[in-house]
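Student: Below are the structure tokens for one structure; questions will follow.
The values are calculated or read from the model by the stated rules, or taken from the named source; none is laboratory data. Remember, it's a predicted structure, so these values are computed and weren't measured experimentally. Neighbour counts are summed over all protein chains in view; Cβ atoms, including those assigned to glycine, are modelled from backbone coordinates with ideal geometry.
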Amino acid sequence: AKHLLGIEPLAPDEIRTILDLSEQYVDLNRGALKHSDVLSGLTQINMFFENSTRTQASFELAGKRLGADVMNMSMQASSIKKGETLIDTALTLNAMHPDLLVVRHPHSGAVDLLAQKVNCAVLNAGDGRHEHPTQALLDALTIRRAKGRLHRLNIAICGDIAHSRVARSNILLLGKLENRIRLIGPPTLMPAGIAEFGVEVYDDMKQGLQDVDVVMMLRLQRERMDGGFIPSEREYYHRFGLDAEKLAYAKEDAIVMHPGPMNRGVEIDGEIADDINRSVIQEQVEMGVAVRMAAMDLLARNLRAQKAEGVWA
Ligand code: CP
């Protein structure tokens, strides 16, 4: 593919190819040198129009470990603040001949639009409530390593599904690989028409967590609630926060995941988040660097091949 804009267009074999290559980068990152030259001579620009810790840091590290020239645009200090549009900003940077653009934007669809205007590979680092493909890929790699497979698992995604691009990308990816997905959360935080995605919907944690292999918790995304229903934190934690009592309904070896940033005592009990026997939250962060290395490696191979043939539009 030319870009990585979402999970939706990816075939199961393409997902497996990215995950298999990511395994090699897990090994590289755990070694003494942590360096390869596969992106040597290429320029990577990271444009984050929304706050980020994990995604921004891991894309930067991934590019540097692969030998790219990496530039982080500080969007707060950019001419966006003077009224320049997203597209004009992208065209300006495009004129400097980048090879990889990594973009996070608060509006769904903004990254797809930008990809149509530039002649380099674009990676979606999260757009509105639409998609966060590298998050779903790193979650998939974490699950595959913990469970030894990535099919026929019972996976619960819990919390604010309606505002979550992480949930959407995970539902798409895990569904493509024939897993059984349960969504658990208040009806007010469930997107309309979600049952069409072939998922089961619950508003009770104890029922929904019964015998699941994976428990994926999500943050309440107040920044996307647009003045709509915002539950009280206390009530929300009581009903939907993951604590030991609720987790006891999952399988004994169920893993606990969270994409971060997490709010302890709101959607998850701090002790569970830190329990190294159940929580794989730190592994998710580790896998994030490897998955982003693999994604950029594969896009760069395609970019080089197409540019060599003169077919890149
Ligand atoms: N999971 C995730 O996207 O985290 P950041 O917002 O910190 O990048």
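Student: Given the structure, is S58 assigned to a loop (DSSP other than H, G, I, E, B) and among the small types (G, A, S)?
Tutor: So S58 fails the test.
Student: Continuing with the same structure: Restricting the search to region 119-141, which residues are within 12 Å of the ligand (Cβ to nearest atom) and of a type outside the set (A, V, I, L, M)?
Tutor: N124, G126, D127, E131, H132, P133, T134, Q135, D139
Student: Please go through region 201-231 and give me each residue that is at pLDDT 95 or above, surrounded by 21 or more Cβ atoms within 10 Å (Cβ to Cβ) and within 22 Å of H163 (Cβ to Cβ), ordered by number.
Tutor: M205, G208, L209, V214, V215, M216, M217, L218
Student: Going through region 192-206 one residue at a time, which ones are touching a residue at least 12 places away in the same chain (Cβ under 8 Å) and touching a strand residue (DSSP E or B) at 6+ places or on another chain (Cβ under 9 Å)? Reasoning before the result, please.
Tutor: To start, the set of residues in region 192-206 that are touching a residue at least 12 places away in the same chain (Cβ under 8 Å) comprises 194, 197-206.
If the condition is that a residue be touching a residue at least 12 places away in the same chain (Cβ under 8 Å) and touching a strand residue (DSSP E or B) at 6+ places or on another chain (Cβ under 9 Å), then I194, F197, G198, V199, E200, V201, Y202, D203, D204, M205 are the ones that fit.
Student: Restricted to region 79-105, and to residues that are under 26 Å from the mean Cα position of the chain (by Cα) and farther than 22 Å from G63 by Cα, which residue is surrounded by the fewest Cβ atoms within 10 Å (Cβ to Cβ)?
Tutor: So the first thing to find is which residues in region 79-105 are under 26 Å from the mean Cα position of the chain (by Cα), and the list is 80, 85-87, 89-91, 93-94, 98-105.
With farther than 22 Å from G63 by Cα added as a condition, the list becomes 80, 85-87.
On the way: I80: 16, T85: 10, L86: 19, I87: 15.
Among them, the one singled out is T85.
Student: Within region 67-78, restricting attention to residues that are in contact (Cβ under 8 Å) with a residue 24 or more places away in the chain and on the phi < 0 side of the Ramachandran plot, which residue is surrounded by the most Cβ atoms within 10 Å (Cβ to Cβ)?
Tutor: Within region 67-78, the match that is surrounded by the most Cβ atoms within 10 Å (Cβ to Cβ) is A68.
Student: Right, here's the next one. I'd like the full set of residues that are more than 17 Å from A146 (Cα to Cα) and within 15 Å of the chain's Cα centre (by Cα), limited to region 2-29.
Tutor: Correct list: L4, L5, G6, I7, E8, L10, I15, I18.
Student: Applying the selection to region 1-43, what residues are in contact with a Pro (Cβ under 7 Å, 6 or more places away or on another chain), surrounded by 20 or more Cβ atoms within 10 Å (Cβ to Cβ) and not hydrophobic (A, V, I, L, M, F, W, C)?
Tutor: The answer is G6, and nothing else.
Student: Do we have any residue at all in region 120-132 that's crowded, with 17+ Cβ neighbours inside 10 Å, polar (S, T, N, Q) and either over 27 Å from L19 (Cα atoms) or at pLDDT 95 or above (or both)?
Tutor: yes
Student: Looking only at region 53-66, how many residues end up being within 16 Å of the ligand (Cβ to nearest atom) and either among the basic types (K, R) or surrounded by 22 or more Cβ atoms within 10 Å (Cβ to Cβ) (or both)?
Tutor: Number satisfying all stated conditions: 6.
Conditions (1) assigned to a helix (DSSP H, G or I); (2) away from the ligand (no atom under 15 Å from the Cβ); (3) over 16 Å from M296 (Cα atoms), marked per residue:
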{"residue": "G41", "(1), (2), (3)": "no, yes, no"}
{"residue": "M47", "(1), (2), (3)": "no, no, no"}
{"residue": "N51", "(1), (2), (3)": "no, no, yes"}
{"residue": "V70", "(1), (2), (3)": "no, yes, no"}
{"residue": "Q76", "(1), (2), (3)": "yes, yes, yes"}
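Student: Also: Among R239, R234, which is charged (D, E, K, R), at pLDDT 95 or above, at negative phi and out of contact with any strand residue (DSSP E or B) (no Cβ under 8 Å at 6 or more places or on another chain)? Spell out how you get there, then give the answer.
Tutor: Values: R234 fails: at pLDDT 95 or above.
Result of the check over R239, R234: R239.
For every residue, the table says whether it meets (1) under 29 Å from R182 (Cβ atoms); (2) charged (D, E, K, R).
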{"residue": "D69", "(1), (2)": "no, yes"}
{"residue": "V102", "(1), (2)": "no, no"}
{"residue": "C120", "(1), (2)": "no, no"}
{"residue": "A146", "(1), (2)": "yes, no"}
